[in-house]
1. So is Ser181 polar (S, T, N, Q) and outside any helix (DSSP H, G or I) or not?
2. Here are Arg89, Arg52: which of them is at pLDDT 70 or above, surrounded by fewer than 20 Cβ atoms within 10 Å (Cβ to Cβ) and outside any loop (DSSP other than H, G, I, E, B)?
3. What number of residues within segment 33-49 satisfy the criterion of being touching an Asp or Glu at 6+ places or on another chain (Cβ under 9 Å), surrounded by fewer than 16 Cβ atoms within 10 Å (Cβ to Cβ) and either modelled with pLDDT of 90 or more or not assigned by TED's automatic domain parsing to the domain that holds Thr13 (or both)?
4. When Gln130 is evaluated against the numbered criteria (1) surrounded by fewer than 19 Cβ atoms within 10 Å (Cβ to Cβ); (2) modelled with pLDDT under 90; (3) closer than 25 Å to Leu115 by Cα, which criterion, by number, is the only one it fails?
5. If Ser221 satisfies every condition in (1) among the polar types (S, T, N, Q); (2) farther than 29 Å from Val73 by Cα; (3) modelled with pLDDT under 90 but one, which is the exception?
6. Go through Lys60, Lys37 for me and flag whichever is in contact with a helix residue (DSSP H, G or I) (Cβ under 8 Å, 6 or more places away or on another chain) and in a loop (DSSP other than H, G, I, E, B).
7. Could you tell me which of the residues Lys136, Lys147 is closer than 17 Å to Gln106 by Cβ and surrounded by fewer than 19 Cβ atoms within 10 Å (Cβ to Cβ)?
Amino acid sequence: MFILKRQDVEIKTVQHPHRDQQIPILVYQSQSFRLMKVFNAQQEHEAKEFWRDLTDNRGKACVLLEEPERYSVWGKVRSEQLTSDSLNREHSNLPTLTQACLLVLQAVYFDIEDLLGSRQANSFVKDLTQVFHQSKFPHTDTPQAIKTLLTMNPLDELQIPSWQENHLNTLLKKLYELGESYFGNTSFAEGMEEILEDLPNDNRKQFVDWLDQTQLNQLWSIN
């Protein structure tokens, strides 16, 4: 729809009605857009590819914002979509998405441990810890906290970490890179349906739909 510069738009925030969280809103020519995805300054090609897929193939009204330090894609929303009910429904999916991502994380970790041995598994945990710390994941401050993430039952809602969508996106991207590095191929990312079989059907569909929206389905294969 549009490729814009920072000086072309106004970015403001609205308070989430049920969380201590500010939600960014981009305003351009009296139209409002919600943040969908952020890319770093070196990811110009990926950002434009994601934006074109949404606009050309999916028919969505989107803005690609070019800034010196990053690119970001924003999707158009109507004013009524910024109501408390809409925002609450959107964020209510986060526990389900987090559960699914933890199932995937644990599957990769256990495969490394079983197939490559404990030394490689320990090395993987160190690499994963670096990812968590660099991207400022909540609930990853100690080795015990990370061990819990790798061994807990992800379907236990009382233990699910309060991660946001950007954390989940980062986790699956970095996990794919780590898996490819450790295994030397990408076969570990195939057959995801088996990993997710413990999720209820509706929850699994939510996760698959989210993968499609973020283009992570190009990395993780679900039949």
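1. Details: polar (S, T, N, Q): yes; outside any helix (DSSP H, G or I): no.
In short, no.
2. Details: Arg89 fails: at pLDDT 70 or above.
The unique qualifying residue is Arg52.
3. 1
4. If we test Gln130 against (1) surrounded by fewer than 19 Cβ atoms within 10 Å (Cβ to Cβ); (2) modelled with pLDDT under 90; (3) closer than 25 Å to Leu115 by Cα, just (2) comes out false.
5. (2)
6. On the way: Lys37 fails: in a loop (DSSP other than H, G, I, E, B).
Testing whether each residue is in contact with a helix residue (DSSP H, G or I) (Cβ under 8 Å, 6 or more places away or on another chain) and in a loop (DSSP other than H, G, I, E, B) leaves just Lys60.
7. On the way: Lys136 fails: closer than 17 Å to Gln106 by Cβ.
Unique residue meeting the criteria: Lys147.
Residue-by-condition table, conditions (1) surrounded by 13 or more Cβ atoms within 10 Å (Cβ to Cβ); (2) hydrophobic (A, V, I, L, M, F, W, C):
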{"residue": "Lys174", "(1), (2)": "yes, no"}
{"residue": "Leu178", "(1), (2)": "yes, yes"}
{"residue": "Tyr182", "(1), (2)": "yes, no"}
{"residue": "Glu194", "(1), (2)": "no, no"}
{"residue": "Arg204", "(1), (2)": "yes, no"}
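The values are calculated or read from the model by the stated rules, or taken from the named source; none is laboratory data. All values reported here derive from a predicted model rather than from experimental measurement. A quick note on method: Cβ atoms are made from the backbone with ideal geometry, for glycine too, and the neighbour counts reach across all protein chains shown.
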